[in-house]
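Colleague: Sharing a structure here in structure tokens format.
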Amino acid sequence: MKIRNLTLPMAAVLYTSLPALAQLPNASQQVDSVQQRQQLDQALQPSADTNAVPELYAGESSDVGPQSVLQVKPRRTFFQAFADEQYFYTDNMFLADHDRQGVDVLVSTVQAALAPSPYPVGGGLLSPQIGFQEQWFSYGLAGSPLIQIQNLANNQSQNVRLDYFDFNALTAFGNVSWSREKWTFTLGGDFRQLQDSDGYSEFYQEYVPTWSVRRDFSTSDTTALSIGYEGDYRITKTAYVPTGEGTDFNDRTDHAVVVAGSWRLCRFAILQPCYRFQYTHFTSIHREDYLNSFGLTLYCPITDQITLRTYVSYDHLNTDGAFVNNFDQLAAGGGINLTVRF
């Protein structure tokens, strides 16, 4: 059997030298990428007060003007359950600048939240929610070849399969959004733990206060555009760190500008191009990142609760960090989610 020899970024090599603790390089960034795709998907879900097709922008249903047909006032909901399966291929599993490793990835998500229907406050709509989410990241389901990783700490090698890097993410979250006309403001916070899938040993955790603002524009009856800013501060704890660094060496603040378009092709198809620029400043070490992300997604709302999607995305990172590399990554795949409100 052919064994591929990979030299991973130093921080990752140190982690994978521990028998009971396998950490994927930049695992937190992998989680963030999946979360961002799911958030764009959920933004196109039908609102709780309509049986219509998904809104292209917040408040679209209220912009259609006076109607001649009376509509029964909908039943108010208080809870939301969410399940999602996302299967895709990435050409750079380890987010490296060389020794690129392609792999298929399955991300399974379940989420439950107290999320009451929006209610009027201050001339707008207030939408609070608090809940819990768990995700499982599984690699190499279509085939997991042996690779050889080099432990720079003791200059020894180790042969592992790609599913050695499987992990799960547990997130408790809460946020509140206030929307008025085409503006949406959000404040929130997350607590996240990353664990390996073997012994469920924690290798990373973070507290993340978040804030964002978004402006939606209706450009036609079938197209819309949204421009937003997203910010956060991450208070982190990493189980094993490079020599000379503290467990908080991943503390950082992120600031992103997101531009997303929506084009309703028909009742059951919405095309969404998206661009995201993110600047990250690390507060405990000298490191600054500049991440450019491009995506194109086709959403197919089958029912009010079920949505299919297929997408392609490209990420390019520039960094001056000592333990990471510049990288680019191409990913393509699809997913299905189920959202139930009651």
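Derivation of every value follows stated rules applied to the coordinates shown; laboratory data play no part. As the structure is a prediction and not an experimental result, all values here were calculated from the model.
Colleague: Could you list which residues have their amide H under 5 Å from that of Ser201, counting only those 5 or more apart in sequence or on another chain, with H placed in the peptide plane?
Modeller: Close amide H contacts, sequence-distant or interchain: Asp196.
Colleague: In whole Hz and in residue order, list the ³J(HN,Hα) couplings for the range 326-336 that follow from phi through the Karplus curve 6.51 cos²θ - 1.76 cosθ + 1.60, θ = phi - 60°; x for Gly and Pro.
Modeller: Once θ is set to phi - 60°, the couplings for the range 326-336 become 4, 7, 9, 9, 10, 9, 8, x, x, x, 9 Hz.
Colleague: Which ³J(HN,Hα) values, rounded to whole Hz and listed in residue order, are derived for the range 100-105 from phi using the Karplus coefficients 6.51, -1.76 and 1.60 in 6.51 cos²θ - 1.76 cosθ + 1.60 with θ = phi - 60°, glycine and proline given as x?
Modeller: Using θ = phi - 60°, the values come out as 5, 10, x, 6, 8, 10 Hz.
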